Amino acid sequence: MRTRHGFGTVLVLGLALLTAATTPATAAPDKQPDLGGNVTVFDPATPVDQIQAALDAVHTTQVDNEMGSQRYAFFFKPGTYGTADHPLRIKVGYYTEIAGLGASPTDVVVNGKIETYNRCLDAGTGNCLALVNFWRTLANLSLTISSAGQDGCRASADFWAVSQAVSLRRMNISGGTLSLMDYCTAGPQFASGGFIADSRLPSVVNGSQQQWLTRNSELAGWSNGVWNQVFAGVVGAPAETGFPNPPYTTLDTTPVSREKPYLFVDPHGRFNVRVPSVRADSRGVSWANGMTPGRTLPLSDFFVAKPSTPVWLINAELASGKNLLLTPGVYSVASSIRVTRPDTVVLGIGHATLTASHGSIPLDIAGVPGVMVAGVTLDAGPQESPVLLRVGQRFGLRWSAPADPTTLSDVYFRVGGPHVGSATTALEVNSDNVIVDHTWVWRADHGVEGLTDTERWRTNIGRNGVVVNGDHVTATGLFVEHFQQYNTVWNGQDGTTVLYQNELPYDPPTQADWTHNGVNGWAGYKVGDRVRTHHLYGAGVYVFNHNNPTIHTENGFEVPSQPGVRLHHIMTVNLSAGTVDHVVNGVGGPADTTKIGVPVDVTDYP
């Protein structure tokens, strides 16, 4: 994540866990599952002031808790919360999920605001921005914007000023404007998101967002754009009218998609998980005609794990045929959680986090079809792991089905940040027919480890962010940053990426550390030399070599010269240090300090 400020080591507040009541007085006790101490389920009969107090208390805990271990989820049962005159105002901090429990987003209505504002990093300096507003979730409800009681600027929009690892899904927003930048807080107003899917939205102010993917949604309008603004299957999306001015990349349909599984409560008060079906060449929201097509699994089909649950027990339950629900918290994983059964669902709530211990692979998925992993963060530990999430074996069974793809939704990765971490590769996809639907794969450029840049280069080892060896893999929203060699390596045939965002590492000490086979640096996106067919839409590679501004990278993108390998709307940009000499294969460039913040674009390659 680019950091145009020197905020140094992030301080983590030593705050106690807030345990919120999980059973409203009106709920039948035999219908309310135990989802962990940091999950709150609200009922529409709960007084608004009581709901507001619970939400405000957690926001106070989480607003600056960037590298903390606390995790929270707030769920709303079907009904209406707040009124136009007495609105519910939800502020969403780190590691917080806000979601409705309706079968459709229209089943839960919030009158008020659901917002994230700029974070002020240095007290009294005005250094307020959205560049580090990571790790939060908003999903599956209707928001009718009400600004009652707010001042003139805050009344002007609902503010969702976020950056990577933040998703907005299955939202139905009306009654005002949605702004993806916070122009009411002292600037700079930098933001670097982000992701919207399966949502019906009013007019959107994109503002300072450097890149954004909106997929399978409906828009009343969209204004502004900085670099890569990508739309796939979006009704009302802006048209491509001369990239890069404006910087819009618009696909009429999404080639293949599968929405994220979600919790819902049925009319009898029972908790279930809806597992959406795959869609091909789709456009618009999945819930336009009622419940999203798919299958319903009762929560009784899930083993509900907590951070204290041993891995051997999780694996025994998975082997017995259970799906897995990971409740909020940080799980220490010394041996792999293994998914071996087709169509298994692994659903994390409240940003459940699996941390590698003793060099383990925290999550290992067999080469079987239909597995769905959603809402899970994977952290490297201090002992180097070969990989953090593996989908299929490199040379093992690769049983797959185009109509039932394995899908990763809102799955995030960290190498460093909250603690020292090392992993050779973060995500390795060996299976065919896999969808990666929104991921942030991050080798940390800042954290609480107390390391200088050079120390971080030697300590937080991360060679590759994403390695794709499977065929027919589709990524919608692929964000990969700061790895020490190729950030993304795509060796599989017939791959597709819709929006790619990359920052090269900030911390190579010398050019010799950032050189291989006589070539300066590693491209941010590498398509394997034997690949014959690959498509990339809307992609950027950014450079900020602040540890050594003299460093050069030969190419932002490196691909084989094949007629079936096609790149559409790609760019490099200099954020203030270092140089990328060319955009792709010696074409375009350089992105150097004579044009800081000005993209070097290639409309189509070849």
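The values are calculated or read from the model by the stated rules, or taken from the named source; none is laboratory data. Computed from a prediction, not measured in an experiment: that's the story for all the values here. Neighbour counts run over all protein chains shown; Cβ positions are idealised from the backbone, glycine included.
Within the range 12-38, track down each residue that is at pLDDT 50 or above, outside any helix (DSSP H, G or I) and under 21 Å from THR80 (Cα atoms).
First pass over the range 12-38, keeping only residues at pLDDT 50 or above: 31-38.
Filter once more, keeping what is outside any helix (DSSP H, G or I): 32-38.
Selection gives GLN32 alone.
Take the conditions over 18 Å from THR106 (Cα atoms), in contact (Cβ under 8 Å) with a residue 24 or more places away in the chain and either surrounded by fewer than 17 Cβ atoms within 10 Å (Cβ to Cβ) or out of contact with any helix residue (DSSP H, G or I) (no Cβ under 9 Å at 6 or more places or on another chain) (or both) and apply them to PHE231. Does it pass?
Values: over 18 Å from THR106 (Cα atoms): yes; in contact (Cβ under 8 Å) with a residue 24 or more places away in the chain: no; either surrounded by fewer than 17 Cβ atoms within 10 Å (Cβ to Cβ) or out of contact with any helix residue (DSSP H, G or I) (no Cβ under 9 Å at 6 or more places or on another chain) (or both): yes.
Spelling it out, it is not the case that PHE231 is over 18 Å from THR106 (Cα atoms), in contact (Cβ under 8 Å) with a residue 24 or more places away in the chain and either surrounded by fewer than 17 Cβ atoms within 10 Å (Cβ to Cβ) or out of contact with any helix residue (DSSP H, G or I) (no Cβ under 9 Å at 6 or more places or on another chain) (or both).
Pull up the range 182-214, narrow it to residues that are among the β-branched types (Val, Ile, Thr) and surrounded by fewer than 23 Cβ atoms within 10 Å (Cβ to Cβ), then point me to the one that is farthest from the chain's Cα centre (by Cα).
Narrowing the range 182-214 to residues among the β-branched types (Val, Ile, Thr): 185, 196, 204-205, 214.
Right, trim to surrounded by fewer than 23 Cβ atoms within 10 Å (Cβ to Cβ) and you get 185, 205.
Working: THR185: 24, VAL205: 20 Å.
The selected residue is THR185.
On the basis of being in a strand (DSSP E or B) and surrounded by fewer than 23 Cβ atoms within 10 Å (Cβ to Cβ), does PRO369 make the cut?
Values: in a strand (DSSP E or B): no; surrounded by fewer than 23 Cβ atoms within 10 Å (Cβ to Cβ): yes.
Here the answer is no, as PRO369 does not meet what is asked.
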Exercise for the section: Scan (1) at pLDDT 95 or above; (2) within 20 Å of THR496 (Cβ to Cβ); (3) among the aliphatic types (A, V, I, L, M) for the single condition ALA401 breaks and write down its number. Expected result: (1)
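Considering LEU129, LEU141, which residue is out of contact with any Ser or Thr (no Cβ under 8 Å at 6 or more places or on another chain), over 23 Å from GLU503 (Cα atoms), touching a residue at least 40 places away in the same chain (Cβ under 8 Å) and buried (at least 24 other Cβ atoms within 10 Å of the Cβ)?
On the way: LEU129 fails: over 23 Å from GLU503 (Cα atoms).
Only one candidate passes the filter, namely LEU141.
Would you confirm whether any residue within the range 463-477 is over 16 Å from VAL527 (Cβ atoms), surrounded by fewer than 24 Cβ atoms within 10 Å (Cβ to Cβ), under 21 Å from the mean Cα position of the chain (by Cα) and modelled with pLDDT of 95 or more? If you could, list the steps in order and put the result at the bottom.
Filtering the range 463-477 for residues over 16 Å from VAL527 (Cβ atoms) gives 463, 476-477.
Filter once more, so that each one left must be surrounded by fewer than 24 Cβ atoms within 10 Å (Cβ to Cβ): 463.
Then keep just the ones that are under 21 Å from the mean Cα position of the chain (by Cα); that gives 463.
Filter once more, so that each one left must be modelled with pLDDT of 95 or more: 463.
Looking through the range 463-477, at least one residue is over 16 Å from VAL527 (Cβ atoms), surrounded by fewer than 24 Cβ atoms within 10 Å (Cβ to Cβ), under 21 Å from the mean Cα position of the chain (by Cα) and modelled with pLDDT of 95 or more.
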Exercise for the section: Mind listing whichever residues of the range 212-230 are in a strand (DSSP E or B) and closer than 21 Å to THR253 by Cβ? Expected result: TRP212, LEU213, THR214, ARG215, GLU218, LEU219, ALA220, GLY221, TRP222, ASN228, GLN229, VAL230
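Which residue out of GLU449, GLU558, GLU554, GLU503 is acidic (Asp, Glu), at pLDDT below 95 and more than 30 Å from VAL368 (Cβ to Cβ)?
Values: GLU558 fails: at pLDDT below 95; GLU554 fails: at pLDDT below 95; GLU503 fails: at pLDDT below 95.
Matching residue, one of GLU449, GLU558, GLU554, GLU503: GLU449.
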Handout entry: Pairs with Cβ under 7 Å, 6+ apart, first in the range 391-402 and within 21 Å of LEU378 (Cβ to Cβ), second among the polar types (S, T, N, Q)
Key = VAL391/THR406; VAL391/ASN430; VAL391/SER431; GLY392/ASN430; GLY392/SER431; GLN393/ASN430; ARG394/ASN430; ARG394/ASN469
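Identify, from the list PRO342, PRO382, the residue that is touching a His at 6+ places or on another chain (Cβ under 9 Å) and assigned to a loop (DSSP other than H, G, I, E, B). Can you show your working first?
On the way: PRO342 fails: touching a His at 6+ places or on another chain (Cβ under 9 Å).
That would be PRO382, the only listed residue that is touching a His at 6+ places or on another chain (Cβ under 9 Å) and assigned to a loop (DSSP other than H, G, I, E, B).
A quick yes/no check of all residues on (1) buried (at least 18 other Cβ atoms within 10 Å of the Cβ); (2) at pLDDT below 95; (3) not aliphatic (A, V, I, L, M):
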residue: THR9; (1), (2), (3): no, yes, yes
residue: THR40; (1), (2), (3): yes, no, yes
residue: VAL63; (1), (2), (3): yes, no, no
residue: THR80; (1), (2), (3): no, no, yes
residue: LYS91; (1), (2), (3): yes, no, yes
Problem - Filter pass, GLU240 being modelled with pLDDT of 95 or more and acidic (Asp, Glu) - result: no
Completion exercise
Only one of THR249, THR309 is of a type in the set (S, T, N, Q), in the same structural domain as ALA401 (by TED's automatic domain parsing) and either farther than 21 Å from ALA139 by Cα or surrounded by 20 or more Cβ atoms within 10 Å (Cβ to Cβ) (or both), namely THR309
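Inside the range 121-204, counting only strands (runs of 3 or more DSSP E) that do not spill past its ends, which hold 3 or more residues that are on the phi > 0 side of the Ramachandran plot and of a type in the set (D, E, K, R)?
On the way: elements: 136-145, 166-174, 195-197.
Per the criteria, no element qualifies.
Let me confirm something: among THR292, THR241, THR249, THR296, which residue is polar (S, T, N, Q), part of a strand (DSSP E or B) and out of contact with any Gly (no Cβ under 6 Å at 6 or more places or on another chain)?
Numbers: THR292 fails: part of a strand (DSSP E or B); THR241 fails: part of a strand (DSSP E or B); THR249 fails: out of contact with any Gly (no Cβ under 6 Å at 6 or more places or on another chain).
One residue alone meets the criteria, THR296.
Go through the range 417-431 and give me each residue that's crowded, with 22+ Cβ neighbours inside 10 Å and in contact with a strand residue (DSSP E or B) (Cβ under 9 Å, 6 or more places away or on another chain).
Within the range 417-431, GLY417, GLY421, ALA423, THR425, ALA426, LEU427, GLU428, VAL429, ASN430, SER431 meet the criteria.
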Exercise for the section: Could you tell me whether the range 475-483 includes any residue that is assigned by TED's automatic domain parsing to the domain that holds ASP453, at negative phi and either polar (S, T, N, Q) or not in a strand (DSSP E or B) (or both)? Expected result: yes
Fill in the blank from the handout: Counting only residues that are loosely packed, with under 15 Cβ neighbours inside 10 Å and in a loop (DSSP other than H, G, I, E, B), the range 512-530 contains a total of 4
Completion exercise
The strands (runs of 3 or more DSSP E) lying wholly within the range 40-97 that contain at least 2 residues that are among the aliphatic types (A, V, I, L, M) are 88-91
Problem - Failed item, numbered, when LYS260 is tested on (1) part of a loop (DSSP other than H, G, I, E, B); (2) in contact with a Phe, Trp or Tyr (Cβ under 8 Å, 6 or more places away or on another chain); (3) under 18 Å from ILE365 (Cβ atoms) - result: (2)
Exercise for the section: Quickly run through the range 589-604 and pick out the residues that are surrounded by fewer than 18 Cβ atoms within 10 Å (Cβ to Cβ) and touching a residue at least 40 places away in the same chain (Cβ under 8 Å). Expected result: THR593, THR603
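Scan the range 274-283 for residues that are assigned to a loop (DSSP other than H, G, I, E, B) and buried (at least 17 other Cβ atoms within 10 Å of the Cβ) and report the count. Outline the logic, then answer.
We begin by selecting, within the range 274-283, every residue assigned to a loop (DSSP other than H, G, I, E, B); these are 277, 283.
Then keep just the ones that are buried (at least 17 other Cβ atoms within 10 Å of the Cβ); that gives 283.
Total satisfying the criteria: 1.
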Problem - Scope the range 432-458; condition more than 21 Å from the chain's Cα centre (by Cα) and among the β-branched types (Val, Ile, Thr); matching residues - result: VAL448, THR452, THR454
